Amino acid sequence: MASATTRTSTTQRDGKRYYPTPALEKGLDILELFAGSPEGMTISEVARRLNRTMSEIFRMLLCLEHRGYLAQSANKDRYNLTLRLFRLAQEHPPTKRMVTEALPIMHWLAHELRQSCHFGVLDGGHVVILAQVDSPESTGFYVKVGSKVDMMHAATGHVILAHQAEDACERAIQEWVLETKKKRPADLDSHLAKIRVRGYERRASYEVAGIVNISFPVLNAQGNAVAGLTVPYVKRIEDTVSIPQVIAALRSASQQISEAMGAMPHVETQTEMKSVAKPRAAKIKKIARQTVA
């Protein structure tokens, strides 16, 4: 009897077997709604936007608040999303390992170039910044950890797409189309092909004038990009660090993170890095110790 009941309640979604779970879906709807509302919302606003009754939304909000996903404002009239979801994502083993491996190298990179750098991954149609290291200089451009950027407006997004398997790249693009309701950029395929040939992305910032974003892929054991390491290059007066120097250091840093994630270095990269790998590794360890201290 139980199996018969399960079969009759099963529906089809996108050609796959789907079992409705109303309470779970209601909770996820609420979390997704709050994720796009940084100013927070009242109970009535949530109920109206989700077309639910006040009583059922009230119970769900109390549960989510109790579990730490939502918090009330000081005057108790609005709810806001907490950082619990972000912390959970950070604790996900592959993500935590990547950040752990990347941070010491990023600290070396920022120290070496006197520029900030950030580390991002794809999440749906966006790039999420998992780690950021500031420039040791008093001026620079910085990206906040946890921030989300449109995948098509980010050098990090393009360099990841260009270095993924064709089917994975296509799925990510389709997710972007569904999320943004925009058409696929006409020049995207040719642009990604150029990045693959070059091995990295170098492009003026889509959002800030005067910034040149230089981004290299971080690869896994299969040779597919799982993240991107980016330097938003700021040209300062009397700056001695040039863009070619940024590219060389960023290539070395991304390769070291990739190796830590199981990737094999390219033959040409091995030759290029042979004379600098040991001193750089020593510097990275020294800077990492200083950072922890």
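Among the candidates LEU122, LEU61, which residue alone is outside the structural domain of VAL226 (by TED's automatic domain parsing), without any contact (Cβ under 8 Å) to a residue 60 or more places away in the chain and crowded, with 21+ Cβ neighbours inside 10 Å?
LEU61
Of the residues ASP77, ASP29, only one is outside any helix (DSSP H, G or I) and either among the acidic types (Asp, Glu) or in contact with an Asp or Glu (Cβ under 8 Å, 6 or more places away or on another chain) (or both); which?
Details: ASP29 fails: outside any helix (DSSP H, G or I).
Going through ASP77, ASP29 in turn, just one is outside any helix (DSSP H, G or I) and either among the acidic types (Asp, Glu) or in contact with an Asp or Glu (Cβ under 8 Å, 6 or more places away or on another chain) (or both): ASP77.
What do you reckon, is LEU88 under 21 Å from VAL143 (Cα atoms), surrounded by 14 or more Cβ atoms within 10 Å (Cβ to Cβ) and either outside the structural domain of ILE160 (by TED's automatic domain parsing) or without any contact (Cβ under 8 Å) to a residue 60 or more places away in the chain (or both)?
no
Please verify whether GLY223 is within 20 Å of the chain's Cα centre (by Cα), at pLDDT 95 or above and not aromatic (Phe, Trp, Tyr), treating the condition exactly as stated.
Against the criterion (within 20 Å of the chain's Cα centre (by Cα), at pLDDT 95 or above and not aromatic (Phe, Trp, Tyr)), GLY223 does not qualify.
Conditions: (1) more than 16 Å from VAL127 (Cβ to Cβ); (2) assigned to a loop (DSSP other than H, G, I, E, B). ARG202 meets all but one. Number of the miss?
The failed condition is (2).
Here are LYS16, LYS76: which of them is at pLDDT below 90, at negative phi and out of contact with any Pro (no Cβ under 7 Å at 6 or more places or on another chain)?
LYS16
Hey, could you check the stretch 215-254 for residues that are free of Cβ contacts under 8 Å to residues at least 60 places away in the same chain and buried (at least 24 other Cβ atoms within 10 Å of the Cβ) and say which is farthest from LEU122 (Cα to Cα)?
Going through the qualifying residues, I end up with SER254.
Give the residues of the stretch 85-119 that are in contact with a Ser or Thr (Cβ under 7 Å, 6 or more places away or on another chain) and either at pLDDT below 85 or small (Gly, Ala, Ser) (or both), sorted by residue number.
Listed by number, the residues that qualify are ALA89, ALA110, SER116.
For the list (1) buried (at least 23 other Cβ atoms within 10 Å of the Cβ); (2) out of contact with any helix residue (DSSP H, G or I) (no Cβ under 7 Å at 6 or more places or on another chain); (3) among the hydrophobic types (A, V, I, L, M, F, W, C), I need the number of the one condition that ALA204 fails.
Condition (1) is where ALA204 drops out.
The values are calculated or read from the model by the stated rules, or taken from the named source; none is laboratory data. Keep in mind that what you see is a predicted model, and the values were worked out from it rather than measured. So basically every Cβ, Gly included, is an ideal-geometry build from the backbone, and we count neighbours across all protein chains shown.
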